[in-house]
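First up is the structure itself, then whatever we jot down about it.
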Amino acid sequence: LPISVRHQAEVSVERLRLVPAFYGMTDALLGEAARLLQTEEFPAEHTVYQEGEFGTSLYIIVRGSVELTAAGRTVLLEDGDSFGESALLEGAAQEENARTLAPSVFLTLNRAGFAYLASKRDALTAV
């Protein structure tokens, strides 16, 4: 479980434009996304999720580092990187293990929040 939140992290619309899950969203919709994000803190060596678990959130690293491991490959993510979006976008199981290497602060968006944003994005593009 997350450590009790000691910080309230924020992110700019400009930064959200760089997150693949938000590609194609208008600035107004990215502003809504920024308001929907929740701050979560985890200690070092914390398992964020494991391969095979149902993907429930997108994670943006505000501060800290995360190790993703899958099929013998390891990827190190740091401040500003995001992860978890493929399972969130596809409604599939996580394809990797995610573990913090240092105390970390994330901005997270859950499945319901992402579905809301995606439906608004799709409504705008259908016009």
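The values are calculated or read from the model by the stated rules, or taken from the named source; none is laboratory data. Keep in mind that what you see is a predicted model, and the values were worked out from it rather than measured. Don't worry about glycine lacking a Cβ; one is built from the backbone with ideal geometry, like all the others, and counts go over all protein chains shown. Just the protein is used for accessible areas: all its heavy atoms, side chains included, with ligands, DNA and RNA removed. Shrake-Rupley method; radii C 1.70, N 1.55, O 1.52, S 1.80 Å.
From the residues in region 59-100 that are part of a strand (DSSP E or B) and among the small types (G, A, S), which one is modelled with the lowest pLDDT?
A93
If the Cβ limit is 9 Å and pairs must be 6+ apart or interchain, which residue in region 15-42 that is within 13 Å of S57 (Cα to Cα) and touching a residue at least 12 places away in the same chain (Cβ under 8 Å) pairs with which residue that is among the charged types (D, E, K, R) and surrounded by 13 or more Cβ atoms within 10 Å (Cβ to Cβ)?
Taking only residues 6 or more apart or on different chains, the pairs are A21/E85.
Anything in region 46-58 that is hydrophobic (A, V, I, L, M, F, W, C) and open to solvent by less than 20 Å² (accessible area, probe 1.4 Å)? List them, or say none.
The one that is hydrophobic (A, V, I, L, M, F, W, C) and open to solvent by less than 20 Å² (accessible area, probe 1.4 Å): L58.
What number of residues within region 18-45 satisfy the criterion of being open to solvent by 40 Å² or more (accessible area, probe 1.4 Å), assigned to a loop (DSSP other than H, G, I, E, B) and modelled with pLDDT of 90 or more?
Total satisfying the criteria: 4.
Conditions tested, residue by residue: (1) open to solvent by 70 Å² or more (accessible area, probe 1.4 Å); (2) touching a Gly at 6+ places or on another chain (Cβ under 8 Å); (3) of a type outside the set (F, W, Y).
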residue: I60; (1), (2), (3): no, yes, yes
residue: R73; (1), (2), (3): yes, no, yes
residue: E95; (1), (2), (3): yes, no, yes
residue: A102; (1), (2), (3): no, yes, yes
residue: L109; (1), (2), (3): no, no, yes
residue: K120; (1), (2), (3): yes, no, yes
residue: A123; (1), (2), (3): no, no, yes
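For region 75-85, how many residues meet the condition of being without any contact (Cβ under 8 Å) to a residue 60 or more places away in the chain and open to solvent by less than 40 Å² (accessible area, probe 1.4 Å)?
Count: 3.
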